[in-house]
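The values are calculated or read from the model by the stated rules, or taken from the named source; none is laboratory data. These figures come from a predicted structure and were not determined experimentally. Positions of Cβ are backbone-derived with ideal geometry, glycine not excepted, and every protein chain shown enters the neighbour counts.
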Amino acid sequence: MNKTKFRSYNKITPKLGKKVYVDESSILVGDISIGDDVSIWPLVAARGDVNTISIGNRTNVQDGTVLHVTRKSAGNPTGNPLIIGEDVTVGHKCMLHGCTLGDRILVGMGAIIMDGAVIENDVFIGAGSLVPPHKTLESGYLYVGNPIKQVRLLKESEQAFLSQSAINYVELKNEYLAQQ
Ligand SMILES: CC(C)(COP(=O)(O)OP(=O)(O)OC[C@H]1O[C@@H](n2cnc3c(N)ncnc32)[C@H](O)[C@@H]1OP(=O)(O)O)[C@@H](O)C(=O)NCCC(=O)NCCS
């Protein structure tokens with residue numbers, strides 16, 4: 001492993017699934033578990049130090065995104081790990097902090113998702129949205145805004161795009177892997 005992008009903390013080093021692509025400029029620290037066919041694009045910073053990060057199969061985390069977690073404390077005995085499901089697209093320059101995302105979600109560019117928020121499966125989050133702490137976003141809906149609000153049910157085309165976006169990024173990262 002390239003030590004400049006995979007760093008250990010408390011002797012724990014990120015664990016990678018099969019056929020994972022991580023750009024050379026990204027930095028992954030500590031207790032991070034990454035599934036198969038995941039792609040991590042340039043300048044992603046992921047820090048699994050005071051809690052854990054997991055990223056499901058075929059998920060893509062795009063350029064400039066920051067992933068972090070919250071430590072355990074007396075008032076918050078589990079802290080807030082970051083859990084990202086399968087086939088999730090995390091757009092450019094997002095901030096995901098100590099939250100839980102299900103499967104087939106699009107996190108629009110520049111969105112911020114705060115501690116304890118739960119995003120159910122099949123949700124589309126508009127660019128620039130802010131999801132406040134402990135908010136739950138319901139499956140099957142488009143949400144936008146700061147603070148985020150439910151807009152409407154997803155159209156069939158948007159629902160299909162959630163899976164298609166993940167497929168597109170698996171194909172793209174395979175091209176990048178083939179060129180290494
Ligand atoms: C929200 C989104 C899905 C568009 O949904 P839509 O229903 O087609 O929206 P429209 O473009 O018809 O716009 C409807 C209204 O929402 C507003 N709007 C659109 N995107 C918005 C956003 N991200 N946040 C707040 N308002 C938004 C529009 O200004 C418009 O407002 P108006 O009715 O007052 O004029 C899209 O703008 C978006 O944010 N996509 C995310 C793309 C992305 O970041 N991909 C990841 C990188 S690959």
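Scanning the range 140-161 for residues that are away from the ligand (no atom under 11 Å from the Cβ) and within 24 Å of Asp37 (Cα to Cα) returns Gln159, Ala160.
Could you please let me know if Tyr176 is of a type outside the set (Val, Ile, Thr), more than 11 Å from the ligand (Cβ to nearest atom) and touching a strand residue (DSSP E or B) at 6+ places or on another chain (Cβ under 6 Å)? Here the answer is yes, as Tyr176 does meet what is asked.
Quick check, is Met109 touching a strand residue (DSSP E or B) at 6+ places or on another chain (Cβ under 9 Å) and aliphatic (A, V, I, L, M)? Don't jump to the end; show me each part of the working.
On the way: touching a strand residue (DSSP E or B) at 6+ places or on another chain (Cβ under 9 Å): no; aliphatic (A, V, I, L, M): yes.
No: the conditions fail for Met109.
Table: residues versus (1) in a loop (DSSP other than H, G, I, E, B); (2) modelled with pLDDT under 95; (3) within 20 Å of Asn121 (Cα to Cα); (4) of a type in the set (Val, Ile, Thr).
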{"residue": "Met1", "(1), (2), (3), (4)": "yes, yes, no, no"}
{"residue": "Asp37", "(1), (2), (3), (4)": "yes, no, yes, no"}
{"residue": "Asp63", "(1), (2), (3), (4)": "yes, no, no, no"}
{"residue": "Glu86", "(1), (2), (3), (4)": "yes, no, yes, no"}
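Note on the range 130-161: among residues that are out of contact with any strand residue (DSSP E or B) (no Cβ under 6 Å at 6 or more places or on another chain) and assigned to a helix (DSSP H, G or I), the one that is nearest to Ala117 (Cα to Cα) is Gln159.
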